[in-house]
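**Student:** I am attaching a structure below and will ask some questions about it afterwards.
The values are calculated or read from the model by the stated rules, or taken from the named source; none is laboratory data. Remember, predicted model here, so these are calculated numbers, not experimental data. FYI the Cβ positions are ideal-geometry reconstructions off the backbone, even for glycines, and counts take in every protein chain you see. Only protein heavy atoms, including side chains, enter the accessible area calculation; ligands, DNA and RNA are left aside. Shrake-Rupley method; radii C 1.70, N 1.55, O 1.52, S 1.80 Å.
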Amino acid sequence: LAILLARAAVAADPASELSELTERLAEEPFELTADSLHYDIERELYIGRGNVVIKQSGRTLRADWVAFNRKTGAGLASGNVQLEDAGDLVTADFVEFELETIQGTLHGARLESQTSRFRASATEIAKTGRNTYSFREGRFTTCRCPDPNETDPWVLESEEAELEVEGYATARNTTFDVF
């Protein structure tokens with residue numbers, strides 16, 4: 001944990017970056033709640049356990065456990081992770097995120113768009129913008145079968161893909177499976 005968070009702390013001018021991050025977070029503050037919250041003053045590290053919720057500008061991150069560095073803005077979340085943003089719900093096993101934007105990389109992730117019929121899952125989903133994602137080893141469909149345990153009538157599988165919700169997608173090394 002310390003290594004991952006410290007990795008983000010390496011910068012040319014740490015004092016300058018700290019003041020920039022503080023200014024940006026002041027413009028767009030976040031709300032943090034948890035069953036248990038610990039703050040390590042020396043490392044400027046917050047650790048939340050149990051029902052952790054971070055809310056910011058219409059985005060919400062929920063998890064069983066969250067840690068983030070207030071200085072760098074780098075964070076990690078694990079256990080029943082859910083990211084709600086612009087009507088989309090992404091669930092994941094583990095997330096690396098940026099506190100300022102709550103964007104990052106989701107591992108073992110599933111995306112359910114509430115604004116369209118689109119569904120996706122992937123080994124790794126990176127939220128790269130407000131409605132844009134990149135996928136590694138992804139599965140995509142717009143089928144909403146009555147029984148979620150049934151096989152989807154069609155699935156597009158791709159080694160890599162970039163996607164804009166309600167927009168276009170680009171995929172590489174792709175197969176189209178029917179039943």
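**Student:** For region 30-127, what does the accessible surface come to per residue with a 1.4 Å probe? Please give it in Å².
**Tutor:** 43 Å²
**Student:** Let me ask another. Under the Karplus relation 6.51 cos²θ - 1.76 cosθ + 1.60, θ = phi - 60°, what is the ordered set of whole-Hz ³J(HN,Hα) values for region 155-166, x standing for Gly and Pro?
**Tutor:** 9, 9, 10, 9, 5, 9, 7, 10, 9, 10, 4, 6
**Student:** I've got another one for you. I need the phi-derived Karplus couplings for region 119-125: 6.51 cos²θ - 1.76 cosθ + 1.60, θ = phi - 60°, integer Hz, Gly and Pro marked x.
**Tutor:** 9, 8, 9, 6, 4, 8, 10
**Student:** Using a simple charge model, +1 on the beta-carbon of Lys and Arg, -1 on the beta-carbon of Asp and Glu, nothing else, what dipole does region 28-179 show about its Cα centre, in debye to the nearest 20?
**Tutor:** It works out to roughly 220 debye.
**Student:** In nanometres, what is the gap between the two model label sites at E31 and N149, each 7 Å from Cα along Cα-to-Cβ?
**Tutor:** Going by the 7 Å Cα→Cβ label model, 3.8 nm.
**Student:** Okay, next question. Residue by residue through region 140-145, which ³J(HN,Hα) values in whole Hz follow from phi under the Karplus form 6.51 cos²θ - 1.76 cosθ + 1.60 (θ = phi - 60°), with glycine and proline marked x?
**Tutor:** 10, 7, 10, 6, 10, 5
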